[in-house]
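Student: The structure follows.
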Amino acid sequence: MPMSSGWAGIRICRQTIPSGEAVVRFFPLLLCVFLGAGVVTSARGADAANLVHAQLFLAQNSDIRNDVPKGAPLRKSLDPVIGYNFYQQLGDAWAKVDADDPKWLLPCKTFYFQIHPLENGAYRVSLWQEKQLIVNCSLTPQRGVPLIITGPRHGEGLLVLVLTWPDAI
Amino acid sequence: MTNFEDFTRELEGEDEGKTSGSGLAGLRDLLRKGLSPEPSGQEQAWAWTRLQARLATPELIPGSFLWMRLAGWGAMAGLALVVGWATLGHPKDRLTVQVDPFHEEPSLYAVAFHSSEAHADVVWVGGYSDMQANDPIR
């Protein structure tokens, strides 16, 4: 059989198994597309996640004012972690954090945050109690994923600090 | 010269039908096979089907074209993962926490984790001095 007939046979083979062959053939292209989308998303996240909202709650089981009703998105995050029935908001604050410009965020004068932007859309968050630094944490925020930080016990309840990035990707 | 004479003699003998059981009989058989009729269309179709079936099942033999191609894609995927890891960061490093070592309460501790149930990042800080209910939070 001539050589040309053999190559035609290989071509016929490729056409007879399109699904697996197509995946193998276009895998690098798909990989590049996904990776590119990830890099773009990360870069957008670094720009867009700079609006920060801080809230301070007193969580208790006794019947106090409830500022986070059941069914609210934040309540769905607080309940499995904190586990109290009522969440009274004691204070909140907003800030827009720019690159190379750390911001103070004071939901109250007793507990407050310092937010430092880092590279790749990450932040270093420092929690202060009056004039004393308590913890430093670094995180990359995500949309709809709040950062919950527990505070000290207060009477029968627990102080809870929540940071959210509404513009995060 | 002797060999040539023997060969000529043998050929002449074959022509006259004297050497029927000699080596030339094998040559005659070969000639007969070569002159046999061509395979039928049905036989050709079977042969073509067998060839197609053989070509349609790629074999993963080390060094074969398909094997080398798969190895190439694997290497590219590995490279892309390394680049992605370096670019986007490792997911485990997304949330870390450290208690201030100069804090006056040595019992203070902090644990950071992601709660998939709560869909939240959590920094659990313990070891605080309790606040009384009448302590003001300004």
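Student: In nm, to one decimal, how far is the B:W124 label point from the B:A77 one, both placed 7 Å along Cα→Cβ?
Tutor: Here the modelled spin labels are 3.7 nm apart.
Student: What order do you get for A:V97, B:V111, A:V135, A:V52 when you list them from fewest to most C-beta neighbours inside 10 Å?
Tutor: Values: A:V97 17, B:V111 12, A:V135 21, A:V52 24.
By the 10 Å Cβ count, ascending, the order reads B:V111, A:V97, A:V135, A:V52.
Student: Something else now. Placing +1 at every Lys and Arg Cβ and -1 at every Asp and Glu Cβ, with all other atoms neutral, what dipole size does the range A:49-164 have around its Cα centre, in debye to the nearest 20?
Tutor: Numbers: 11 positive and 10 negative charges, 33 e Å.
In total the dipole reaches around 160 debye.
Rule-based calculations on the coordinates, nothing more; no lab input. It should be emphasised that the depicted structure is a prediction, and the values quoted were computed from it without experimental measurement. Neighbour counts are summed over all protein chains in view; Cβ atoms, including those assigned to glycine, are modelled from backbone coordinates with ideal geometry.
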